[in-house]
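Read the structure below first, then the notes.
The values are calculated or read from the model by the stated rules, or taken from the named source; none is laboratory data. Remember, predicted model here, so these are calculated numbers, not experimental data. Using ideal geometry, Cβ is built from the backbone for each residue, glycine included, and neighbour counts are taken over all protein chains shown.
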Amino acid sequence: MSKLLVSTSVNGDPQQFLCDPDTTLLDALREEMGLTGSKEGCGSGDCGACTVMLDGRMVCSCLVLAPEVEGRQVTTIEGVAEGSRLHPIQRKFLEHGALQCGFCTPGFIVAAKALLDRNPDPSESEVRYWLAGNLCRCTGYDKIVRAVLDAAAELRQDRRAVA
Amino acid sequence: MNAPAEKKLFRLVGTRPIRPDGIEKVTGKAIYGPDFVAPNMLQGAILRSPHPHARIRGIDTSKAEVLPGVKAIVTGADFPELDSAMVAGGEAPANIKYMARKCMATDKVVFDGHPVAAVAATSATIAEAAIQLIEVDYEVLPHVIDIEDALRPDAPILHDDLFTQGLPELPTTPSNAAMRVEVRRGDAARALSEAAAVFSGRFTLRPVHQGYIEPHACVASWHADGQAQIWCSTQGHFTVRALTAGILGMEIADIRVVPLEIGGGFGGKTTVYLEPVAVLLSRKAGRPVRLAMKRDDVFRATGPAPGAVIDIRLGAGADGTISGAEVEFKYTGGGFPGAHEVYAGLHCTMSYYNVPDAHIVGWNVLSNIPTVHAYRAPGAPQVNFAVESAMDELARRLGIDPIDIRLRNIARPGDTGGMGMPHGAIGYAETLEAAKAHPHYSAPLGPNQARGVACGSWGNYGGPSTAAVSVAEDGSILVTEGNPDIGGSRASMAIMAAETLGIAYEKVRVVVADTSSIGYSMGTGGSRTTFATGKAVIQAAEAVIAILRERAAKQWNVAAGEVQWGGGEAVHGDRRLSLGQIAAASGTTGGPISAQAAIDPHDYLPGFGVHICDTEVDRETGQVSIVRYTALQDVGRAIHADYVEGQIQGGAVQGIGWALNEAYVYNQAGLLDNPGFLDYRMPVASDMPMIDAVMIEVPNPAHPYGVKGVGETPIVPPLAAVANAVSGAIGIRMCDLPITPDRVYGLLLAAE
Amino acid sequence: MPPFDSEFFGGSDRLEMAADTLFGLVGKLDELAPGFADLAHVRAAFAIDGVYTPDWSSSLKGASEVVLLPRVAGG
Amino acid sequence: MSSPAYHAPETIEQAVALLAGDTGARPLAGGTDIIVQMRSGRSAPSAIVDLKRIAGIGGVRPLPGGGFAIGATMPCTSLKDDAALAAAWPGVVEAANLIGSVQVRNRATLAGNLCNASPAADSVPALVAAGATCLVAGPHGERVVPVADIPAGPGRTSLAPGEFVVEIRLPPQAGADAYLRATPRTEMDIAVVGVGASLALNADGICTAARIAVGAVAPTVLLVGDAGAALVGTRLDAAALERMADAVRAACRPIDDKRGTAEYRTAMAGVLAGRVVKIALERAGSKA
């Protein structure tokens, strides 16, 4: 049982780690790299708490084998804020009280960012269907959906201001 | 209600500032149960029973012991022998013997997933491999899952030393009925015989799970001097301390429990499953040990809420006045006795209506499922589903508006409640009136849509809490409390401290301290934290103000009694000293400034909610969708409005999930058939509309800011609100939950 | 005093007795039903004339009614 | 506790050699089924052969004469991004985009959904209705097989040792298709029943060809010939639709399980068949 050496990019930084071939990306992030922001709620792709971006697409990191990310780009919740400046989605989650326990929050924020990167003006229904892979047991989703819609509006404003 | 004039009473109470722990939680930095790492830590794994009911004839761990990397193995034989004894460590007393056996089986396993052995090893892979090498010799016994089956005379008996408690005479034959409770007042039978309309029905519910997203996890480290430290995610770290000490025969002060951030609990994390096992593994291995559940472990082996069979007869006069009620509810208890839901069921059965003639009987019935555990208003939603469904039927039969019939019977302040206690400053009628006036209640409905209404209540709680308020040298404030923050309570504590001290919210920081760093605090549960711990924070802040006035008086050389406190300043005539100035001078006025309050308040008041639900039914497929939902609740007074609304919304959606899709499904072999989020169907974002949360503020006069608990009440009304809406849409009474598409389809087919 | 009446007191739901404090009352109830005191310490709550009273040293002087209730756990 | 080997071949030949050389090896495309199975102990492969580094296997390409070839590792969400494919076979694309969540669909593939051989796989009834085939590579070369012939029973395929699906081929669209499923939740669910329909109409609006396939009502997806036959030659009037639904119900052989009763599954197969044919008809009509 020999370990594999995997070279990848995590949140823009080069990363090398050793893993068993059947280690999941989630376990590698949490146990090998100390990036515990991605959470395991189910280990079967049913809760979305481990959502990360892999080459620009959001995936459940529990459904990715760590060796698969050789040479690829991984972005986790730890890479969403720019230094100490929160991403607007993170700020809106705080302003709307869109988290209670906060355990599902990293997955929701990564997923919401993936949505708004792709669709700057989603409808409520589009937000709800996009986030259907992320379970939240505390909030009933109401404030999460509002936070995402509000973040989208602010990001559109910002884009207009830049343009 | 939400009168603006009253709002102006407070600077900060009722506002929506950003929570103190927010940034850590939106950036992934917060450390939850499964995130904690101790140096030189071992990884644990638990071997769980593949049978729902079996005698353990022997356990052979020899092959696992010799696997390289295995450092410790624990079985039931490693636990001290315990007599039955009640330990008051949690919010409810627990029989320590059963608590221990729930954590690790000894002679018998009584549910699928019951732990039988545990291993600590140098890696998770080795630990998992080791438990596969442990050989358990089971004598498989017949099992029983459902309530009615467990009560049959020929049912397999889980515990042959268990005799039904609560009967007039102690029985001589063992039974799966662990407990019978009863309340009788007036003459219900006579009252029912004289009623203008009587509804009789039987309602059933399956067990459901709390469904927190964070699986249970802990790290334990035992030290050679006999002390131990535990890091875990829990609603009550003092509970973890008491139960672990009781199970392992340790001194309470020898265990230090550090609460990590908690990823949801809803009652399910007010007990121990892993911690005593982890301490024993650590004691054997001499190294810290992590034990963490996988999702299927959580479903198979941690507390679901009880399923139920409820028989109800409810009668009313022609004007809708309830004349009498007979209710018999049987709740699943799971593998071991001790479930408290039956008591709460008694308390909650029509607690908010005036029903002078009532006979209510409750049963706790054991069967081969995990020992049930608290889930948000434990014991209330089940019986309330029957009561509010029956109310709906009476309204329909008597031709009375559903809210009017409830208003006719609603308890008002001063009325005597079902347990003989007078009602205090309750806002039941105000909440019903607000529901009636809400635009939702009179909005038009589309085709195949119908509207359901239901009420629900939870008694709430107070109980012991300790809090300390310390003034830093620059006048910033540190609040130390002993209640894990499960949904924003740090923000509420900071608001109450800042409001009391008259300073900015941002000047206050809140720390949830470990069991060795703050005095005893009952767990975060029972909708008690903002009320009871909030009171402790306010009292400690008031004590700090008294010290600050003395210190200012010293500087001014006047009597402390002449110094006022207002706007965050000491005031004497024209003179002012700010909190920062007093703090800066503390070195020359008597030293550090801090105060602690350790209290046990019981002047809490219940919460009450009215939910309005519109459903649309696809008559061809039986599919039910929730098209509009409004939840109104008497919250006393909201401290942080976002997190109060959030509790109402989250509780409502949990209740909707319970009504529509969630259920434990056991197969013929007695094994849980849906131990994952794919087949245990909690609501997803696309299933839900916005939940309009309406806060009705009828303050509790016994709390400085009027707080009533809010967390639990909102899960009580939705079961009946949804069922009443579906019943209205298809003209068939929904008596059985969950209201799945195939059930609705079957009922429609049978009705044709 | 539901639901303890059937479990401990032969179904009587009202008892008349004199005691100075709740400690005294629990002692007298324990004489009637041995074992009650142990259980009451962890499972019972009392209300004196309609007010929950967790402190058992509270005086019963002038009190007319004590209600015995099970403690209810929250979630 | 032995961990499987991990291989990431760059050619089909290398992949075949790795799979043929180790009977315990399993191909990995999106991984959304096999990783869950490995974790739960339901599957313990001796080696994982990751197909994603094979050149040209991750996209869609038009076939000569019409039709499309969808590579084995192309994620379901990418199907939507191919405008020509989404316009020609909306039912297939929609079916693939009902699987799991967006996160899952960003990894899950049609080939994986097919080879996992679940009777409830969402994309398979749509592919069978479409008359899709697949290109299978193996130690004895390549062969083209109807999609319907790949699943052999729950969790079992007809693929020989060393074989794997390289691409899925959709024929030229002669009409329109659609897919519907019944699930208790709106998303994140497994089909209690799924029905795919593919229709062709002539200029007069007469149905000239119809294929109806039903999932989760038998050990493998059923192509209900009688149901298609009930539609051919008609204008898809109510009577024809009712005969079609009767044929669908008659073909169902479901079981009772935690996801639904046999009775409900059979009834829903009929209901959904009626609805899905109407959608396909609308689509075909709007094209005509």
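Give the residues of segment B:51-96 that are within 14 Å of chain C (Cβ to nearest Cβ) and of a type outside the set (Gly, Ala, Ser), sorted by residue number. Answer for segment B:51-96, where residues must be within 14 Å of chain C (Cβ to nearest Cβ) and of a type outside the set (Gly, Ala, Ser): B:Asp83, B:Met86, B:Val87, B:Glu91, B:Pro93, B:Asn95, B:Ile96. Scanning segment A:46-75 for residues that are without any contact (Cβ under 8 Å) to a residue 40 or more places away in the chain and within 12 Å of chain B (Cβ to nearest Cβ) gives a single hit, A:Cys62.
Checked against (1) over 17 Å from the mean Cα position of the chain (by Cα); (2) within 28 Å of D:Gln103 (Cα to Cα); (3) modelled with pLDDT of 95 or more, D:Arg259 meets all criteria but (3). Of the residues making up segment B:672-693, at least one is surrounded by 24 or more Cβ atoms within 10 Å (Cβ to Cβ), within 23 Å of the chain's Cα centre (by Cα) and without any contact (Cβ under 8 Å) to a residue 24 or more places away in the chain. Within 14 Å of another protein chain (Cβ to nearest Cβ), in a loop (DSSP other than H, G, I, E, B) and surrounded by fewer than 24 Cβ atoms within 10 Å (Cβ to Cβ) - does that describe any residue in segment B:713-725? Within segment B:713-725, none of the residues are within 14 Å of another protein chain (Cβ to nearest Cβ), in a loop (DSSP other than H, G, I, E, B) and surrounded by fewer than 24 Cβ atoms within 10 Å (Cβ to Cβ). Scanning segment B:507-533 for residues that are farther than 17 Å from B:Ile486 by Cβ and charged (D, E, K, R), which turns out nearest to the chain's Cα centre (by Cα)? Selected residue: B:Arg509.
Consider segment D:50-94 and keep the residues that are outside any helix (DSSP H, G or I) and among the acidic types (Asp, Glu). The one that is surrounded by the fewest Cβ atoms within 10 Å (Cβ to Cβ) is D:Asp82. One residue is enough: does segment D:231-250 have a residue meeting the conditions under 20 Å from the mean Cα position of the chain (by Cα) and small (Gly, Ala, Ser)? The answer is no, given that none of the residues of segment D:231-250 is under 20 Å from the mean Cα position of the chain (by Cα) and small (Gly, Ala, Ser).
Quick grid of which residues meet (1) more than 17 Å from A:Leu149 (Cα to Cα); (2) crowded, with 20+ Cβ neighbours inside 10 Å; (3) touching a Pro at 6+ places or on another chain (Cβ under 8 Å); (4) assigned by TED's automatic domain parsing to the domain that holds A:Met33:
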| position | (1), (2), (3), (4) |
| --- | --- |
| A:Val69 | yes, yes, no, yes |
| A:Arg72 | yes, no, no, yes |
| A:Thr75 | yes, yes, no, yes |
| A:Gln100 | yes, yes, no, no |
| A:Cys104 | yes, yes, no, no |
| A:Ile109 | no, yes, no, no |
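Every residue in segment B:200-249 that is out of contact with any helix residue (DSSP H, G or I) (no Cβ under 7 Å at 6 or more places or on another chain) and either without any contact (Cβ under 8 Å) to a residue 40 or more places away in the chain or in a helix (DSSP H, G or I) (or both), please. Across segment B:200-249, the qualifying residues are B:His223, B:Asp225, B:Gln229, B:His237, B:Phe238, B:Thr239. In segment B:426-493, counting only strands (runs of 3 or more DSSP E) that sit wholly within it, the ones holding 2 or more residues that are farther than 25 Å from B:Ala546 by Cα and touching a residue at least 24 places away in the same chain (Cβ under 8 Å) span B:449-458.
I need a count of the residues in segment B:23-33 that are within 23 Å of the chain's Cα centre (by Cα) and either free of Cβ contacts under 8 Å to residues at least 24 places away in the same chain or outside any loop (DSSP other than H, G, I, E, B) (or both). Matching residues across segment B:23-33 total 3. If you go through segment D:267-288 and pick out every residue that is within 20 Å of the chain's Cα centre (by Cα) and closer than 14 Å to D:Val217 by Cα, you end up with 5. When segment A:86-114 is filtered for residues that are of a type in the set (Lys, Arg) and within 11 Å of chain B (Cβ to nearest Cβ), the ones remaining, listed by number, are A:Arg91, A:Lys92. Could you list, in sequence order, all residues of segment B:456-481 that are over 30 Å from the mean Cα position of the chain (by Cα) and at positive phi? Within segment B:456-481, just B:Gly475 meets the criteria. Cβ-Cβ contacts under 7 Å between residues 6 or more apart (or on different chains), taken from a first residue in segment D:134-151 that is more than 12 Å from D:Leu170 (Cα to Cα) to a second residue that is in a loop (DSSP other than H, G, I, E, B) and acidic (Asp, Glu), are listed as D:Val136/D:Glu163; D:Ala137/D:Glu163; D:Gly138/D:Glu163.
To keep it simple, each residue is scored yes or no on (1) among the aromatic types (Phe, Trp, Tyr); (2) more than 10 Å from every other protein chain (Cβ to nearest Cβ).
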residue: B:Arg628; (1), (2): no, yes
residue: B:Asp634; (1), (2): no, yes
residue: B:Arg637; (1), (2): no, yes
residue: B:Ile656; (1), (2): no, no
residue: B:Val665; (1), (2): no, no
residue: B:Arg681; (1), (2): no, no
residue: B:Pro699; (1), (2): no, yes
residue: B:Tyr705; (1), (2): yes, yes
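Here B:Gly609 passes the criteria (1) closer than 15 Å to B:Leu660 by Cα; (2) in a strand (DSSP E or B) except the one numbered (1). Return the residues of segment D:111-158 that are part of a helix (DSSP H, G or I), within 20 Å of D:Arg253 (Cβ to Cβ) and not aliphatic (A, V, I, L, M); say none if nothing qualifies. Selection gives D:Pro125, D:Asp149. Within segment A:4-33, being in a loop (DSSP other than H, G, I, E, B), more than 8 Å from every other protein chain (Cβ to nearest Cβ) and not polar (S, T, N, Q) holds for A:Gly12, A:Met33. Among the residues of segment B:34-50, some residue qualifies, meaning at least one is among the hydroxyl-bearing types (Ser, Thr, Tyr), in a loop (DSSP other than H, G, I, E, B) and away from chain C (no Cβ under 14 Å). Screening segment B:339-371 for residues that are small (Gly, Ala, Ser) and modelled with pLDDT under 95 and picking the one that is nearest to B:Arg408 (Cα to Cα) gives B:Ser351. Among residues that are outside any loop (DSSP other than H, G, I, E, B), in contact with a strand residue (DSSP E or B) (Cβ under 6 Å, 6 or more places away or on another chain) and among the charged types (D, E, K, R), B:Asp692 is included.
Condition check ((1) assigned to a loop (DSSP other than H, G, I, E, B); (2) among the small types (Gly, Ala, Ser); (3) free of Cβ contacts under 8 Å to residues at least 12 places away in the same chain) across all residues:
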position: B:Gly113; (1), (2), (3): yes, yes, no
position: B:Ala117; (1), (2), (3): no, yes, no
position: B:Ala120; (1), (2), (3): no, yes, no
position: B:Val136; (1), (2), (3): no, no, no
position: B:Val144; (1), (2), (3): yes, no, no
position: B:Glu148; (1), (2), (3): no, no, no
position: B:Arg152; (1), (2), (3): yes, no, yes
position: B:Ala155; (1), (2), (3): yes, yes, no
position: B:Phe163; (1), (2), (3): yes, no, no
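Looking across segment B:165-182 at every residue that is away from chain C (no Cβ under 12 Å) and assigned to a loop (DSSP other than H, G, I, E, B), the one that is surrounded by the most Cβ atoms within 10 Å (Cβ to Cβ) is identified as B:Asn176. Could you please find all residues in segment B:258-273 being within 16 Å of B:Gly525 (Cβ to Cβ), among the aliphatic types (A, V, I, L, M) and more than 14 Å from the chain's Cα centre (by Cα)? If the condition is that a residue be within 16 Å of B:Gly525 (Cβ to Cβ), among the aliphatic types (A, V, I, L, M) and more than 14 Å from the chain's Cα centre (by Cα), then B:Val272 is the only one that fits. Taken together, the residues in segment D:187-207 that are under 29 Å from D:Leu236 (Cα atoms), within 14 Å of another protein chain (Cβ to nearest Cβ) and part of a loop (DSSP other than H, G, I, E, B) amount to 2.
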